[in-house]
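Here the structure comes first, spelled out in structure tokens, and everything after it is commentary.
The values are calculated or read from the model by the stated rules, or taken from the named source; none is laboratory data. The structure presented is a predicted model; accordingly, all values stated were derived computationally and were not measured. Ideal geometry is used to build each Cβ from the backbone, glycine not excepted, and the neighbour counts take in all protein chains shown.
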Amino acid sequence: MKKVYDFLDILIEFPEIGSLEHAERNIRGFVIVKQITLFYKIKDDKIILLNFFDNRQHPKRKRY
């Protein structure tokens, strides 16, 4: 959990740090640890957390 909170502190300072995963929907992703990717979007002046994805799953199961 500490890594998640540490990343959220960084995300507040640098909201575009994640790679663009879905351009039309402005969804970004960032690998927090090897097994977990956080998907989020930036809307106006807010960061909306969408999903914590377990990278051990099949990529087709990604849901934003």
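Structural remarks
Quick grid of which residues meet (1) under 18 Å from Val4 (Cβ atoms); (2) in a strand (DSSP E or B); (3) at pLDDT 95 or above:
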{"site": "Ile17", "(1), (2), (3)": "yes, no, yes"}
{"site": "Leu20", "(1), (2), (3)": "no, yes, yes"}
{"site": "Arg28", "(1), (2), (3)": "yes, yes, yes"}
{"site": "Thr37", "(1), (2), (3)": "yes, yes, yes"}
{"site": "Lys41", "(1), (2), (3)": "yes, yes, yes"}
{"site": "Ile48", "(1), (2), (3)": "yes, yes, yes"}
{"site": "Lys60", "(1), (2), (3)": "no, no, no"}
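- Scanning region 30-64 for residues that are free of Cβ contacts under 8 Å to residues at least 12 places away in the same chain and surrounded by 10 or more Cβ atoms within 10 Å (Cβ to Cβ), we see that the one that is farthest from the chain's Cα centre (by Cα) is Gln57.
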